Amino acid sequence: MPPAILCVAIKSLVISAINLFIRDFIFKSDVCPLLWLFVHVHVVAMAVKVKSVCILQTTLRNSCTFYELEVTVDDATWKVYKRFRDFFGLDVKLISHCGLPRGLLPPKILKNKSKKNIEKRMTALQEYMTCVIARWEQTPRDLLDFVQYEEHNVVGVTGLLTTAVIEKGERMLKSNQMVEFTPQQLHCITRRLTTEAPTYDASSGRPSSDIGHLFDFLCQVKKLKIRSLPGDVTSDTVVGTKGGFMFDLSLFKAVEFLAVCMVEI
């Protein structure tokens with residue numbers, strides 16, 4: 001078996017083993033049943049891999065050419081818009097921080113912005129991105145910043161939480177269950193409040209796009225526990241959290257009992 005395939009197989013086995021261990025740990029203790037979904041998301045997030053970046057087209061804004069990129073990570077897809085100087089900045093960082101060979105990025109086109117040259121540039125940039133993504137098994141932080149992973153990861157985590165709340169939240173509130181969150185989950189919820197993404201996207205057709213369900217649920221929780229679990233992702237592995245997981249508990253307006261376990265304060 002080739003070394004690269006063997007490495008991927010071993011990593012998958014390790015992640016599966018961690019997930020099974022945490023699942024058993026959760027179900028054998030008095031923990032909110034929703035937590036398994038949350039923890040599974042975090043364990044997988046320990047090794048982030050950008051699956052693809054496709055340059056779809058170019059647009060002109062204030063005489064500047066922007067490239068429309070479609071980014072895919074796992075099953076999530078989103079779009080970002082970048083100028084050539086953004087690609088140049090990424091290239092400089094990857095060369096400096098990750099040992100990327102020089103000369104992979106196509107040169108900048110000066111003045112000549114004909115349709116033919118722009119299409120040629122777009123093709124060359126696509127080849128560059130494909131090469132960069134394939135180079136690392138775990139996507140470097142600089143590349144995650146470039147594709148704005150943190151913003152969309154926050155939206156993804158809160159979307160999964162919303163889906164779980166829609167399915168089981170009402171039953172949990174009626175039984176007055178203890179509800180657990182990890183610091184990362186609370187960090188994502190807090191960051192979601194400050195992102196530019198709409199709280200509801202009617203065009204998506206997905207219930208998880210309306211995070212109003214999640215916020216309503218949080219306002220009614222009476223018993224809250226904040227706990228880091230074995231194998232949970234640390235702040236060092238999450239983009240933009242070098243200072244730790246900062247979060248705001250003001251949404252929990254009905255809390256009567258609060259427990260904090262295995263969390264640095």
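The values are calculated or read from the model by the stated rules, or taken from the named source; none is laboratory data. Everything numeric in this text was worked out from a predicted model, so none of it was measured. Here the Cβ positions follow ideal geometry from the backbone for every residue, glycine too, while neighbour counts run over all protein chains shown. All accessible areas refer to the heavy atoms of the entire protein, side chains included, with ligands and DNA or RNA removed. Shrake-Rupley method; radii C 1.70, N 1.55, O 1.52, S 1.80 Å.
Annotations for the structure displayed:
- Some residue of the range 119-134 being open to solvent by less than 50 Å² (accessible area, probe 1.4 Å) and farther than 16 Å from residue 71 by Cα: yes
- Each residue in the range 90-118 was checked for being surrounded by 14 or more Cβ atoms within 10 Å (Cβ to Cβ) and under 17 Å from residue 68 (Cα atoms), and 3 pass.
- Applying the criterion of being of a type in the set (Val, Ile, Thr) and not in a helix (DSSP H, G or I) to the residues of the range 76-106, the residue that is nearest to residue 160 (Cα to Cα) is 77.
- Restricting attention to the range 135-155 and to residues that are surrounded by 16 or more Cβ atoms within 10 Å (Cβ to Cβ) and of a type in the set (Asp, Glu), the residue that is modelled with the highest pLDDT turns out to be 142.
- Test: residue in the range 156-165 that is more than 17 Å from the chain's Cα centre (by Cα) and either more than 27 Å from residue 60 (Cα to Cα) or open to solvent by less than 60 Å² (accessible area, probe 1.4 Å) (or both): yes
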